[in-house]
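Single-structure report; data block below.
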């Protein structure tokens, strides 16, 4: 089990390390489309999304950039790393929390 766990952590570290590759891609990231892009892809905007579109969302790291380093590759790369690490930590906490709930029952 320990060897498996070590391999998973190595894979997670490699994936975090590769996150700035998204800066080389053109267009928006998969699943980060706005309502205009979804309408262009699907031909319509789903009702649930249309209801939520009016809510003001203020991102913590707009365009994955750190304040003061906007537009620089280094600023965006650091923003990607921070986003990846925060995402991994949130997922780990959720998995551990759900696991503990299941074990209790």
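Laboratory data are not the source of any read-out in this text; all were calculated from the coordinates shown. Keep in mind the model is a prediction, meaning the values are calculated, not measured. Note that we place each Cβ from the backbone using ideal geometry, even for glycine, and neighbour counts take in every protein chain shown.
Inspection of region 74-85 finds no residue satisfying the criterion of being without any contact (Cβ under 8 Å) to a residue 24 or more places away in the chain and exposed (fewer than 10 other Cβ atoms within 10 Å of the Cβ). Among the residues of region 60-67, are any over 14 Å from the mean Cα position of the chain (by Cα) and closer than 21 Å to residue 19 by Cβ? There is at least one residue in region 60-67 that is over 14 Å from the mean Cα position of the chain (by Cα) and closer than 21 Å to residue 19 by Cβ. Can you find a residue in region 27-40 that is more than 14 Å from the chain's Cα centre (by Cα) and under 22 Å from residue 90 (Cα atoms)? Within region 27-40, none of the residues are more than 14 Å from the chain's Cα centre (by Cα) and under 22 Å from residue 90 (Cα atoms).
Filter region 22-35 for residues that are assigned to a helix (DSSP H, G or I) and surrounded by 10 or more Cβ atoms within 10 Å (Cβ to Cβ) and give the result. Answer for region 22-35, where residues must be assigned to a helix (DSSP H, G or I) and surrounded by 10 or more Cβ atoms within 10 Å (Cβ to Cβ): 22, 23, 35. With 66, 49, 15 as the choices, which residue is in contact (Cβ under 8 Å) with a residue 12 or more places away in the chain and either in a loop (DSSP other than H, G, I, E, B) or farther than 25 Å from residue 90 by Cβ (or both)? After applying the criteria, what remains is 66.
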